[in-house]
Amino acid sequence: MESELQRQAINYKAVFISDNRHIGNLLKKALNNTEDKDNIVVVSVGPSTLFLDILAKLRKNNKKQVPIAFILINEKNNFATKIGVSSNPVTALKQILNSVHPTSYNLGLVENAQGTNEQIFTDELIVGFSAYVTSLIKSSKFYSLLVKYHLTFIAEFCAMTDAFINQEAFSVTTRLSQKYNFFKSSFSIHVKNQPFLDDENSAEPNNLQLEIITNLNPFSYWFVILARKFKLTSKVPFVHSFEQKKIHLVINSLEFSQIDNRQLINKFYDAYLKSFSYPFWFDVDSVSISEKSNS
């Protein structure tokens, strides 16, 4: 990648981050020492967690939205795939260097009512059953071994059986547009971000998609899977779907949760979930389809 930057005579500064706790200070120092502050693009090279940490610090410490881009190393994620960013580092760099203007995409934000650090998600926030299944697979040596030997379906089936035996229903309260909704027997919550703006000429973010599943059991679970496949979940009485730019979510019991496939500690929720748009520096269509497919 360095040779490509030098070949195109790109003015850049590389900062090595050994501890994510120092990201804020490193960014502040780098941005303050840059002469042309109106033409800055911050590029994260590494895992998606690094990109999200950098983005959070940029939002917190800068009044102006500084465009951002990312190059993932040995990692794929749903957000990058959806917007068309290559998983090949050199191809992703070309998509960045070929860009002449930023493109805004939607992201999700979890803002705790207690005022603790906010969390950004690119794809989805999951609470309850699905997050519990993922936790069981990652924490069990037996399930991890099954996944290692490409027996993922068996690992997931066994973990789901465990989850159905041990998962207890929990109460959820949501507030959307000043209207409260109460669910006493919740098992699974999905909050989905849609990355593309409805109107490319507008910075107005799209709604988040909230799905709450109640009264879940092994039979109803497979019924939901089939309903999703045929896009009929709106007809299922125990699947509750909403769309809103801002959602107040309250869960008064410790529940498993994950953000973008990253497991979180078991936690209560009293949080505002918001959709926002942010400028990214990519021209995803500037490379050929064959280059993308070879990534």
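In this structure, the amide hydrogen of SER104, modeled 1.01 Å from its nitrogen in the peptide plane, lies closer than 5 angstrom to those of PHE280, counting only residues at least 5 positions away or on a different chain. Each peptide among 40-53, 226-239 gets the average number of other Cβ atoms lying within 10 Å of its residues, and from highest to lowest they stand as 40-53, 226-239. Charge dipole (Cα centre; +1 on Lys/Arg Cβ, -1 on Asp/Glu Cβ; no other charges) of the chain amounts to roughly 400 debye. Put simply, when 213-225, 126-138 are sorted by average Cβ atoms within 10 angstrom per residue, most first, you get 126-138, 213-225.
Rg/Rh for the chain (Cα atoms only, Rh after Kirkwood) is 0.99. Got a number for carbon plus sulfur as a percent of the chain's accessible area, 1.4 Å probe? Carbon plus sulfur share of accessible area: 53 percent.
The HN-Hα couplings worked out from phi for the range 48-61 by the Karplus form 6.51 cos²θ - 1.76 cosθ + 1.60 (θ = phi - 60°) are 5, 5, 5, 4, 5, 5, 5, 4, 4, 5, 4, 5, 6, 9 Hz, whole numbers, x standing for Gly and Pro.
Computed from backbone phi, the HN-Hα couplings of the range 249-256 come to 10, 10, 10, 9, 10, 6, 10, 5 Hz, rounded to whole numbers (Karplus: 6.51 cos²θ - 1.76 cosθ + 1.60, θ = phi - 60°; Gly and Pro given as x). The GNM of the chain, with springs linking C-alpha atoms under 10 angstrom apart, assigns the highest mean-square fluctuation among ILE83, ILE54, ILE189 to ILE83.
Note on ARG7 and LYS82: their simple-model spin labels are 3.3 nm apart, each label 7 Å out from Cα toward Cβ. What the phi angles of the range 80-91 give under the Karplus curve with 6.51, -1.76 and 1.60, with θ = phi - 60°, is a coupling list of 4, 5, 5, 8, x, 7, 5, 7, 7, x, 5, 5 Hz, glycine and proline written as x. Based on the Kirkwood radius over alpha-carbon pairs, what is the Stokes-Einstein translational diffusion coefficient of the range 110-277 at 37 °C with 0.692 mPa s viscosity, in µm²/s? It diffuses with D of about 193 µm²/s by this estimate. The residues of the chain expose on average 57 square angstrom of accessible surface per residue, using a 1.4 Å probe on protein heavy atoms.
Counting only alpha carbon atoms, the long axis of helix 129-139 and the longest principal axis of the chain meet at about 70°.
Helix 152-166 and the longest principal axis of the Cα set of the chain meet at an angle near 50°. Give me the percent of Cα-Cα pairs in the range 1-159 that sit more than 26 Å apart, rounded to a whole number. Tail fraction, whole percent: 41. Annotation: peptides 174-183, 65-74, ranked by per-residue average of other Cβ atoms within 10 Å with the highest first, follow the order 65-74, 174-183. If you plug the beta carbon distance of GLN263 and LYS63 into 1/(1 + (r/R0)^6) with R0 = 45 Å, you get a FRET efficiency near 0.85. Listed by chain and number, the lysines whose alpha-carbon sits under 23 Å from that of LYS29, ignoring those within fewer than 8 places in the same chain, are LYS13, LYS37, LYS57, LYS60, LYS63, LYS64.
The values are calculated or read from the model by the stated rules, or taken from the named source; none is laboratory data. The structure displayed is predicted, hence computed values, not measured ones. Every residue, glycine among them, receives a Cβ derived from its backbone with ideal geometry; neighbour counts consider all protein chains shown. Remember, those area values only see protein heavy atoms, side chains included, never the ligands or the DNA or RNA. Shrake-Rupley method; radii C 1.70, N 1.55, O 1.52, S 1.80 Å.
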